[in-house]
Amino acid sequence: MNEPTTLFQKVWDDHVVVPETPHTPAILYIDLHIVHEVTTPQAFSVLRELGLPVRRPDLTLATLDHSTPTTPVFKYEDLLAAGEGAANQVRQMERNCDDFGLDLLGYGSGRRGIVHVIGPELGATQPGKTIVCGDSHSSTHGAFGALAFGIGTTEVGHVLATQSLLQRKPKTLAVNIEGQLAPGVTAKDLILAVIGKIGVNGGTGYVIEYRGDAIRSLDMESRMTICNMSIEAGARAGMIAPDETTYEYLLGRPCAPKGAAWDAALERWQRLRTDDGAVFDKAVTLDASLLQPMVTYGTNPGMVIGINDPVPQSDDASFRKALDYMQLESGKPMTQTPVDVVFVGSCTNGRISDIEAAANILKGRKVAKGVRMLVVPGSELVKKEAERRGLDKIITDAGAEWREAGCSMCIAMNGDVVKPGQLSVSTSNRNFEGRQGVGARTVLASPATAAASAIAGFVTDPRVYS
Amino acid sequence: MKPVKRVQGRTVALPTRDIDTDQIIAARFLTTTSRTGLGRYAFYDLRYGKDGTEKPEFVLNRPDAKGCSILVGGNNFGCGSSREHAPWALLDYGFEAVISSQIADIFRNNALKNGLLAIVVDPETHEWLLSNPGVDCDIDVENNTITLPGDRVVNFTLDGFARHCLLEGVDQLGFLQNQAAAIQAFEENRPWKP
Ligand code: SF4
């Protein structure tokens, strides 16, 4: 009998082209490479200089998301809403895709969207694949039992040219989530609690596998939210073993296998789980049933508390600096904090269920006076589906803005920015200083908490509206 | 890449924990399609006030920080995004090495691929470097040592391959291309195709 192995190990072993040695890393084959306009121009330049083609255009998925405006784009001038540099970057991406024979899911495709939203929704993200992208939230795709991680631009060039990467094998960390989430508590709250527990560097050097009853009962979009923020704990990748929920999500999607190929894939996918008795390098356990909606109070995602808990106290210099920046006081609960901006979107919470969760709270209510609320779908397909369900109407009736798909205020490089000093409740993944604009103060939360905070005008427990 | 065997220089310390890539280079500076000239954006919002003037209290703006080529950062340096613009900006600013007690995975990979030494030292040495900024350091990649004032020598570990690439100036893309036959064989022989 074979040694019991982890899910990670199985996917890793399946992609080793040349094994690692003490002197050299492994050469790992990449099944899906997702590229966008911000982290690829310099990689394409290298290929051009060396006269190299893209080795596998068929395994490369290209789109535009980071620096695209969230106002409608019909012609080049419309791109300028995001600034000249951003517009130029989009143009350059279109040119690069043309020159290298890549099929760009750009304007007019109807399928443009955030890299980590479109991979799954098109069914390109599948169990057992290796998936990379020049974006750290590539960990999202691990929700399908893929090994997915973010890479830098030099490595983007490596994958474009050779479909392979030089990689040292990471260690494994089991995050066991026992119990079930209480009503009104979501996957976003759960992953924030995990990061709070293990810290923003707790996963450094590890691939996380999320396990346990709470994870098994989550739908795919919630699982994506969980894996998405693995990087916020320092882990490059997060994984969840595929199951019926995964297969059901994938069946019938455009890039998913069909017919006999589907049956063969299913057989292969069913083996993708950690065997009983397999050993992880490290393990932590959390009880989901004890959690309440979570919000961050500081300037990294590990500075997080239950929404009704007081902001903690510490004399540590970095901690003080964070609280000063956020203009928050120890001992006070976050629920009294006035809100200026609310952002629902991003690869963490920009999928249809997220928009729906926000709309459910907005329905028949109004965004508080003086609060700007932006709802940005994660992709053009999400936008279309939301409109089919009439969610756009609920959102605009409440006084919130319904925008075009993209990263938007998650990274604030397309003109959608939080003004200096303003407090933003955001469903994105990073509350770093200046992440949403110079001097912006970000509170990370779930779509429900974000919507409830928009209605109340201050940070609010969404359970009061349900 | 040109070989990096040794970095000799003075240190400057940024003791804050968890310095993320957004602080190293903010997203609004990422709309470039080139990798050069990013030094002026390094730590921009820490260096400059709202009106664009230098903040005199920020360490890198102090007169004695000029010309320092070794950055000692607080624990978990470089966390956050995969933007390679972060090491590009630090190199262009004039840094040749970053030292911390822990460095985020992707940042460290990106840095080493660009010849920016990303070096993890033991907590005690880290503490010492943070509380004694402005010292002369001699980082020897060949011997995995940092020589501090008073001939104090501390060791660090660097992945063997990364070290080899630094010392020899190995082009990693070239290295991968040399494996083209193995890659092709893998593509042809694997039991399933993506
Ligand atoms: S939504 Fe934010 S985190 Fe996600 S890919 Fe875009 S910029 Fe990165």
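The values are calculated or read from the model by the stated rules, or taken from the named source; none is laboratory data. In this text, all values refer to a predicted model and were calculated from it rather than measured experimentally. Please note: Cβ atoms are built from the backbone with ideal geometry, for glycine as well, and neighbour counts cover all protein chains shown. Ligands, DNA and RNA are excluded from the accessible area calculation, which covers all protein heavy atoms including side chains. Shrake-Rupley method; radii C 1.70, N 1.55, O 1.52, S 1.80 Å.
Quick notes on this one:
- Per-residue SASA entry for B:Lys66, accessible area with 1.4 Å probe, Å² rounded to 10: 110
- Once the Cα atoms are used to define both axes, helix B:180-189 deviates from the longest principal axis of chain B by about 60 degrees.
- Solvent-accessible surface, computed for protein heavy atoms with a probe of 1.4 Å, shrinks by 30 Å² or more for the following residues of the range B:102-142 when the other protein chains are added to the isolated chain: B:Gln102, B:Asp105, B:Ile106, B:Asn109, B:Lys113.
- Couplings 3J(HN,Hα) of the range A:206-215, computed from phi: 10, 9, 8, 10, 8, 9, x, 4, 4, 5 Hz, in residue order, whole Hz [Karplus 6.51 cos²θ - 1.76 cosθ + 1.60, θ = phi - 60°; x for Gly and Pro].
- Computed with a 1.4 angstrom probe on protein heavy atoms, the A-B interface buries about 4900 square angstrom of accessible area in total.
- In this structure, the amide hydrogen of A:Met239, modeled 1.01 Å from its nitrogen in the peptide plane, lies closer than 5 angstrom to those of A:Ile208, A:Glu209, A:Tyr210, counting only residues at least 5 positions away or on a different chain.
- A convex hull fitted around the alpha carbon atoms of the range A:1-155 yields 132 Å³ per residue.
- Considering only alpha-carbon pairs that sit under 8 angstrom and 6 or more positions apart, the relative contact order computed for chain A is 17 percent.
- The mean number of Cβ atoms from other chains found within 10 Å of a Cβ in peptide A:429-440 is 5, as a whole number.
- Kirkwood hydrodynamic radius (C-alpha pairs) into Stokes-Einstein, the range B:86-194, 4 °C and 1.567 mPa s, D in µm²/s: 80
- Sequence-ordered 3J(HN,Hα) estimates for the range A:327-340 from the Karplus curve with 6.51, -1.76 and 1.60 and θ = phi - 60° stand at 6, 10, 10, 4, x, 8, x, 5, 5, 9, 7, x, 10, 9 Hz, glycine and proline given as x.
- Straight-line cross-link reach from A:Lys258 at under 25 Å between alpha-carbon atoms covers these lysines, not counting any fewer than eight positions away in the same chain: A:Lys10, A:Lys129, A:Lys384, B:Lys193.
- Selected from A:Thr396, A:Gly434, A:Val382, residue furthest toward positive end of dipole (the range A:379-446; charges at beta carbon): A:Gly434
- Couplings for the range A:262-270, taken from phi via the Karplus curve 6.51 cos²θ - 1.76 cosθ + 1.60 with θ = phi - 60°, read 5, 4, 5, 4, 4, 4, 5, 5, 5 Hz in order; Gly and Pro are left as x.
- With at most 14 other Cβ atoms within 10 Å, longest stretch of chain B clear of loop GluC sites (Glu not before Pro) (DSSP): B:58-141
- For the range B:53-194: relative contact order, % (alpha-carbon pairs under 8 angstrom, 6 or more apart): 16
- Per residue, the range B:6-189 exposes 40 Å² of accessible surface when a 1.4 Å probe is rolled over the protein heavy atoms with every protein chain present.
- For B:43-56, mean number of other protein chain Cβ atoms within 10 Å: 1
- By accessible area, using a 1.4 Å probe on protein heavy atoms only, the protein assembly as shown has 49% of its surface on carbon and sulfur.
- Over chain A, accessible surface divided per residue gives 34 Å², non-protein components excluded, 1.4 Å probe.
- Mean Cβ count within 10 Å, highest first, over the residues of peptides A:395-407, A:43-55, A:370-382, A:425-437: A:425-437, A:370-382, A:395-407, A:43-55
- Protein-only accessible surface order, largest first, of A:Trp269, B:Trp192 at 1.4 Å: B:Trp192, A:Trp269
- Note on chain A: semi-axes of the ellipsoid equivalent to its C-alpha gyration tensor, largest first and rounded to whole Å, are 33, 27, 21.
- The range A:90-175: trypsin sites (Lys or Arg not before Pro) falling in loop per DSSP and having at most 14 other Cβ within 10 Å: none
- Proportion of all alpha-carbon pairs of the range B:6-189 beyond 21 Å (%): 52
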